[in-house]
Amino acid sequence: MRLMNSKPSRGMRLALNLLPFVILLIIYTLASDARLLENPSDKLLPSWSSFADAVQRMAFEPSKRTGEYLLWVDSAASLQRLLLGVGISAIIGLIVGVVSGMLPLFRATFSPLVTAISLIPPMAILPILFIVFGLGELSKVMLIIIGICPILIRDLQLRTQSLPKEQLLKAQTLGANSWQIMIRVVLPQVLPPLVSAVRLTLGSAWLFLIAGEAIAATEGLGYRIFLIRRYLAMDVILPYVLWIAVLAFLMDTILRLISKRAFPWYHGRGADAHE
Amino acid sequence: MSKAIIEIKQVWKEYGDHVVLEKLNLNVQAGEFISIVGASGCGKTSLLNMLLGTEKQSRGSILLDGKPMPQEPNATRGIVFQKYSAFPHLNAIENVMLGGEFASSPLLGKVFGNERKKLHEQALEMLTAVGLADAALRYPSELSGGMQQRLAIAQALIKEPRILLLDEPFGALDPGIRKDMHKLIRELWKKRGLTVFMITHDLSEGFSLGSRVWVLDKPRIDPHQPERFGAQVVYDIDINSEHKLSHSIQSLIEKQQAAKVAV
């Protein structure tokens, strides 16, 4: 049988899914053991027990200096910034994208501006943000917004414009005005694409969040990683990175489930398969 | 003779130097079923767009009930396209209720309570009339092609438009289903006294459904400048009174088309 035609069974697929992770863990353990055997105070590849100690220290014991449970304080601060930035971007993206997708006059005015803004690398204007908005929360949230908002606006505008024109004509022959078409025909149909667009931009949002925190913050996941980098504390950095990945995965999964639950017509049988 | 519902007077349609339609002079009475046939690219769609209001004629005038045709689609003219006519995010009955909701709720486009109940009843009645009562809660993506077209017809008819435009409504359907749809549309037309314009490139469909057939073609052709002259209604055939004649003309048209294809 050709390779392209052989498919794994259910159990085999699960095993294959896990295989790379298991291999990575084995390689790490071997490499870590080898280094620690040579130099017990090596910091680059900590042993599993020092990971456990670090997690215990960061998550379940109050910090000696501030009395806070650092991992949770950092997570709360980062998530708040991330959700604010992504939430505000999604709302702006939805409104501006739909309006400029629907109204040629608005599009002619604002579309080139959005394109121009989207071409500026957000990290390049981070100093400007710190100067204008100070070193507080606002500048970090703004960085996320400036980073992902243009992408969301452009995506939503394209989604709106790619609705079949037959639908919009039909709605007009049913007596609808522009506003009614916007809220009853266009808006509900671009909500599922908005959720997918947000899922795709979450990666960039994390990037901008951690970059912002690395430069100016007093708590946050990105702040902590860059702070303890000075002590080569890999036993803390690696669990933090893993934790960020878990949070990102959870957010993505939650958005996917919300979309499936809220928009059955988009994911349903017979519809073009949207994941 | 009663007042015509649609009057087309000396209408030309041009895109720059390209003449698409010329010298159209036609009157349509309420209750007529007009089939518009012709080769592709002969201006059928331009004519339909002018009736719908998405395109404006270059010269002449088109009157609806004696008044100039509104230059924008509105509820006086219903339309069914070949596809994409139903809204995928609403189930069948919501699709049919939407027209009523637009009319009674300018701000939200959505009604609640008793008003909703009333609209729901009307919509269910309409769905029953097109044979979709059992599928009222299904989304368009869960309906077959024929059922989607039934839905689109119900959606348009609930607004009781002055004229109903059908843009190759059955072109994407299987032959068997198409027969069922012909039966349905003929029934609705007779029962409700609709005025229908149907574009089709299936001649036999045009002749079997229409009470009148317009054949669009170019009577004059300049071989060096094919865009110089536009298409006209070369045959305006009243099916009811001249049923026998129509067959001879039909064979004539078919011969003509076959000859064109051969060239």
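The residue that is farthest from the other protein chains (Cβ to nearest Cβ), counting only those in segment A:168-181 that are surrounded by fewer than 17 Cβ atoms within 10 Å (Cβ to Cβ) and of a type in the set (S, T, N, Q), is A:178.
Summed over segment B:21-32, residues that are crowded, with 22+ Cβ neighbours inside 10 Å and under 12 Å from residue B:214 (Cα atoms) total 1.
State all residues of segment B:54-76 that are within 14 Å of chain A (Cβ to nearest Cβ), surrounded by fewer than 21 Cβ atoms within 10 Å (Cβ to Cβ) and out of contact with any helix residue (DSSP H, G or I) (no Cβ under 6 Å at 6 or more places or on another chain); if no residue qualifies, say none.
To start, the set of residues in segment B:54-76 that are within 14 Å of chain A (Cβ to nearest Cβ) comprises B:54-55, B:64, B:69-76.
Those left that are additionally surrounded by fewer than 21 Cβ atoms within 10 Å (Cβ to Cβ): B:54-55, B:64, B:70-72, B:74-76.
Of everything in segment B:54-76, those that are within 14 Å of chain A (Cβ to nearest Cβ), surrounded by fewer than 21 Cβ atoms within 10 Å (Cβ to Cβ) and out of contact with any helix residue (DSSP H, G or I) (no Cβ under 6 Å at 6 or more places or on another chain) turn out to be B:54, B:64, B:70, B:71, B:72, B:74, B:75, B:76.
A single entry from B:111, B:130, B:96 fulfils the requirement of being outside the structural domain of residue B:27 (by TED's automatic domain parsing), in contact (Cβ under 8 Å) with a residue 60 or more places away in the chain and touching a helix residue (DSSP H, G or I) at 6+ places or on another chain (Cβ under 6 Å): B:96.
Checked against (1) within 14 Å of chain B (Cβ to nearest Cβ); (2) buried (at least 21 other Cβ atoms within 10 Å of the Cβ); (3) among the polar types (S, T, N, Q), residue A:162 passes all but a single condition, namely (2).
Residues in segment B:166-218 that are farther than 18 Å from residue B:4 by Cα and of a type in the set (Gly, Ala, Ser) were compared, and the one that is surrounded by the fewest Cβ atoms within 10 Å (Cβ to Cβ) is B:176. Yes or no: residue B:138 of a type in the set (Lys, Arg), over 28 Å from residue B:65 (Cα atoms) and touching a residue at least 40 places away in the same chain (Cβ under 8 Å)? Yes; evaluated as a whole, the condition is true for this residue.
The residue of segment A:182-206 that is nearest to the chain's Cα centre (by Cα), among those that are facing chain B (nearest Cβ under 8 Å) and crowded, with 19+ Cβ neighbours inside 10 Å, is A:189. Listed by first and then second residue, the pairs linking a residue in segment A:218-244 that is surrounded by fewer than 16 Cβ atoms within 10 Å (Cβ to Cβ) to a residue that is part of a helix (DSSP H, G or I), with Cβ atoms under 7 Å apart and 6 or more places separating them unless they lie on different chains, are A:229/A:237. In segment A:129-143 there is at least one residue matching the filter, namely being under 20 Å from the mean Cα position of the chain (by Cα) and of a type in the set (D, E, K, R).
Residues in segment A:43-65 include at least one that is free of Cβ contacts under 8 Å to residues at least 40 places away in the same chain, surrounded by fewer than 17 Cβ atoms within 10 Å (Cβ to Cβ), within 23 Å of residue A:218 (Cα to Cα) and in contact with a helix residue (DSSP H, G or I) (Cβ under 7 Å, 6 or more places away or on another chain).
Residue by residue, here is whether (1) more than 8 Å from every other protein chain (Cβ to nearest Cβ); (2) crowded, with 23+ Cβ neighbours inside 10 Å; (3) closer than 23 Å to residue B:170 by Cα holds:
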position: B:80; (1), (2), (3): yes, yes, yes
position: B:92; (1), (2), (3): yes, yes, yes
position: B:109; (1), (2), (3): no, no, no
position: B:112; (1), (2), (3): yes, no, no
position: B:119; (1), (2), (3): yes, no, no
position: B:122; (1), (2), (3): yes, no, no
position: B:126; (1), (2), (3): yes, no, yes
position: B:129; (1), (2), (3): yes, no, yes
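One residue alone among B:85, B:141, B:105 is within 26 Å of the chain's Cα centre (by Cα) and either surrounded by fewer than 23 Cβ atoms within 10 Å (Cβ to Cβ) or more than 9 Å from every other protein chain (Cβ to nearest Cβ) (or both), and that residue is B:141.
Yes or no: residue A:254 surrounded by fewer than 19 Cβ atoms within 10 Å (Cβ to Cβ) and either more than 14 Å from chain B (Cβ to nearest Cβ) or touching a residue at least 12 places away in the same chain (Cβ under 8 Å) (or both)? Spelling it out, residue A:254 is indeed surrounded by fewer than 19 Cβ atoms within 10 Å (Cβ to Cβ) and either more than 14 Å from chain B (Cβ to nearest Cβ) or touching a residue at least 12 places away in the same chain (Cβ under 8 Å) (or both).
If you go through segment A:130-145 and keep only what is surrounded by fewer than 21 Cβ atoms within 10 Å (Cβ to Cβ) and β-branched (Val, Ile, Thr), you end up with A:131, A:132. Residues that are small (Gly, Ala, Ser), within 8 Å of chain A (Cβ to nearest Cβ) and either touching a Cys at 6+ places or on another chain (Cβ under 8 Å) or crowded, with 21+ Cβ neighbours inside 10 Å (or both) occur in segment B:95-102; there is at least one.
The values are calculated or read from the model by the stated rules, or taken from the named source; none is laboratory data. Everything numeric in this text was worked out from a predicted model, so none of it was measured. Cβ sites come from the backbone with ideal geometry, for glycine too, and all protein chains shown count toward neighbours.
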